[in-house]
Amino acid sequence: MDAIFNRTSIRKYKQESLKKEEIDLILKAAFSAPSARNSQPWQLIVVQNKDTLKDLSQMTPYASFLKDAAMGMVVCADKNKNDSLDYCQQDLAAATENMLVEAKSLGMYPNEERYLALNQYFKLPKGIVPMWMISFGYIDQEEVVKDKFDSSKVHYEKY
């Protein structure tokens, strides 16, 4: 549970490549996520090429951190597996959280305009919808972990 309680957002990375075994564990964590009807409606684009990471970092103001990451990942919904983007979004969120928690345990750590840019860049087939991008790498900043638990938001038996 420490990986869950201590996971934080990281935006500054060491210039160090990830090991294949670590990438495999992160991917395995994604595929261990629950999904509606066990459809596993995810397609994952793993990006380690520095030029590609730089290109991706310029596609949206929220992706600038990708340029310095060791690895980026574009998480896509496969509408051929589940045509409901609502369900896909929930399923992909679970898979993404699993990857982020696994990355933490290893000591490391999307609008239509963005969708179209990623779709064109990766030449995605019909039915594959890029939902968001995430970055991975070894931490090169001070980690500030906050206790986010708020008992005032927990209600037993009734509100």
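The values are calculated or read from the model by the stated rules, or taken from the named source; none is laboratory data. A quick note: this is a predicted structure, and the numbers were derived from the prediction, not measured. In this analysis, Cβ positions are derived from the backbone assuming ideal geometry, glycine residues included, and neighbour counts consider all displayed protein chains. Accessible surface areas use protein heavy atoms only, side chains included; no ligands, DNA or RNA. Shrake-Rupley method; radii C 1.70, N 1.55, O 1.52, S 1.80 Å.
Could you please state how large a percent of the accessible area of the chain is carbon and sulfur, counting protein chains only and using a 1.4 Å probe? Summing carbon and sulfur atoms, their accessible area is 50 percent of the total for the chain.
Once backbone amide H atoms are built at 1.01 Å from N, Lys12 has Asp140 as its partners under 5 Å, excluding neighbours fewer than 5 places away on the same chain. For the chain, the Cβ-based charge dipole about the Cα centre amounts to some 220 debye (Lys, Arg positive; Asp, Glu negative; other atoms uncharged).
Compute the length gained on full extension between Lys67 and Gln15: take 0.36 nm times their separation in residues and subtract their Cα-Cα distance, giving the result in nm to one decimal. Mind showing how you got there, number by number?
Numbers: separation 52, 0.36 × 52 = 18.72 nm, distance 1.08 nm.
Stretched out fully, the Lys67 to Gln15 stretch lengthens by 17.6 nm.
P(r) tail for the stretch 1-158, what percent of Cα pairs lie past 18 Å? Cα-Cα pairs of the stretch 1-158 separated by over 18 Å account for 61 percent. Along the axis of the charge dipole computed for the stretch 53-94 (Cβ charges of +1 for Lys and Arg, -1 for Asp and Glu, origin at the Cα centre), the listed residues Ala77, Ala63, Ala94 are led at the positive end by Ala63.
Positive-end ranking of Ser9, Gly107, Ala33 along the dipole of the chain, with charges on Cβ about the Cα centre, is headed by Ala33. Solvent exposure of the chain amounts to 62 Å² per residue of accessible area, where only protein heavy atoms count and the probe is 1.4 Å.
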